[in-house]
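Shown next, in structure tokens, is the structure this report addresses.
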Amino acid sequence: MKKYLFIISLFFAVNVHAQITTRTTTKLDQNTIVKDSSGTVLPYAIWQKLMATGEYNLKRPQGSEEFVAYKMNDVEKARAAERKKAAMLNMPKPRQAASLKEGEKFNGDKFTDINGNKYDLKTAVDKIYVINFWFINCPPCKQEIPELNKVVEKYKDNKDVVFIAVALDSKSELKEFLKTTAFNYNIVDDGRYYSQKYEIDGYPTHVIIGKDGLIKFSTIGLAGNTVYWIEKTIGEQLKGI
């Protein structure tokens with residue numbers, strides 16, 4: 001199994017540290033005690049997922065070393081979104097995938113997803129293709145899925161934007177995974193051939209193909225602003241930038 005890239009400053013840091021209501025710069029990690037409103041201690045994986053949704057925040061009662069997770073109201077969510085956006089703008093652009101250079105022609109393929117839908121990137125024109133190379137047992141791949149689903153939701157009614165997730169896993173493994181984890185890309189199974197063809201050497205890897213067939217954006221690993229750049233590039237391509 002090829003290596004995956006897990007840049008832990010990233011997505012988690014942006015979704016947690018940028019939203020915390022306390023002024024204290026406390027490091028948040030697996031050892032941080034986080035409780036729900038009833039006082040029950042939440043496992044690290046649980047409160048991490050809550051924070052990743054963008055619906056929850058953490059607060060620390062005065063004089064306490066523990067945090068409480070709570071659901072934000074609309075005003076708080078709007079403010080958190082603005083802080084997150086500002087943080088994204090101050091971060092460097094995510095690292096480009098070496099084998100998928102921006103401005104180069106994408107050597108398209110014919111894909112078939114796990115539901116039998118076919119996509120011909122060899123001849124298709126006038127569409128924007130958003131492609132993700134991933135696999136089930138890749139922690140950062142799974143960590144970014146909720147944010148990727150939000151991007152899909154935003155463009156679900158736009159037929160000019162097509163989302164394809166090329167997985168290394170078998171169809172049966174993917175079907176089982178999707179029973180508990182929604183991933184709203186069009187998922188292609190057994191994608192090792194494509195991974196090798198495009199010289200993918202780390203996961204997740206993202207690439208966006210413009211309507212002219214050229215690579216507009218690519219990145220390897222998960223940085224704090226990966227999904228921001230995916231959405232930004234889609235928006236620019238729809239505007240013809």
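The number of residues in segment 182-207 being open to solvent by less than 50 Å² (accessible area, probe 1.4 Å), touching a Ser or Thr at 6+ places or on another chain (Cβ under 8 Å) and more than 20 Å from GLN143 (Cβ to Cβ) comes to 3. For segment 149-208, a residue qualifies if it is more than 21 Å from LYS49 (Cβ to Cβ) and of a type in the set (Val, Ile, Thr), and the qualifying residues are VAL161, VAL162, ILE164, VAL166, VAL188, ILE200, THR205, VAL207, ILE208. Residue count for segment 113-159 under the criterion of being assigned to a strand (DSSP E or B), open to solvent by 40 Å² or more (accessible area, probe 1.4 Å) and in contact (Cβ under 8 Å) with a residue 12 or more places away in the chain: the result is 1.
Per-residue answers, yes or no, for (1) of a type in the set (Ser, Thr, Tyr); (2) surrounded by 12 or more Cβ atoms within 10 Å (Cβ to Cβ):
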residue	(1), (2)
ILE46	no, yes
LEU50	no, yes
TYR56	yes, yes
PRO61	no, no
VAL68	no, yes
GLU82	no, no
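Consider MET72 against the criteria (1) modelled with pLDDT of 85 or more; (2) of a type outside the set (Lys, Arg); (3) open to solvent by 60 Å² or more (accessible area, probe 1.4 Å): it satisfies all of them except one. Which criterion is unmet? Every condition holds for MET72 apart from (3). Taking (1) of a type in the set (A, V, I, L, M, F, W, C); (2) within 24 Å of VAL151 (Cβ to Cβ); (3) modelled with pLDDT of 80 or more in turn, VAL34 satisfies each apart from (2). Does segment 97-108 contain at least one residue that is loosely packed, with under 13 Cβ neighbours inside 10 Å, at pLDDT below 90 and closer than 28 Å to CYS138 by Cβ? No, the conditions are met nowhere in segment 97-108.
Would it be correct to say that LEU174 is open to solvent by less than 10 Å² (accessible area, probe 1.4 Å), in contact (Cβ under 8 Å) with a residue 40 or more places away in the chain and out of contact with any Leu (no Cβ under 8 Å at 6 or more places or on another chain)? It is true that LEU174 is open to solvent by less than 10 Å² (accessible area, probe 1.4 Å), in contact (Cβ under 8 Å) with a residue 40 or more places away in the chain and out of contact with any Leu (no Cβ under 8 Å at 6 or more places or on another chain).
Output yes when any residue across segment 109-122 is modelled with pLDDT under 90 and under 20 Å from the mean Cα position of the chain (by Cα), and no when none is. So far as segment 109-122 goes, no, none of its residues is modelled with pLDDT under 90 and under 20 Å from the mean Cα position of the chain (by Cα). Within segment 97-108, being basic (Lys, Arg) and either closer than 13 Å to LYS197 by Cα or under 23 Å from the mean Cα position of the chain (by Cα) (or both) holds for one residue alone: LYS101. THR205 falls short on exactly one of the conditions (1) within 19 Å of the chain's Cα centre (by Cα); (2) free of Cβ contacts under 8 Å to residues at least 60 places away in the same chain, and that condition is (2).
The values are calculated or read from the model by the stated rules, or taken from the named source; none is laboratory data. None of the values given here were measured: they were computed from a predicted structure. Neighbour counts are summed over all protein chains in view; Cβ atoms, including those assigned to glycine, are modelled from backbone coordinates with ideal geometry. Side chains are part of the model used for accessible areas, which takes the heavy atoms of the whole protein and leaves out ligands, DNA and RNA. Shrake-Rupley method; radii C 1.70, N 1.55, O 1.52, S 1.80 Å.
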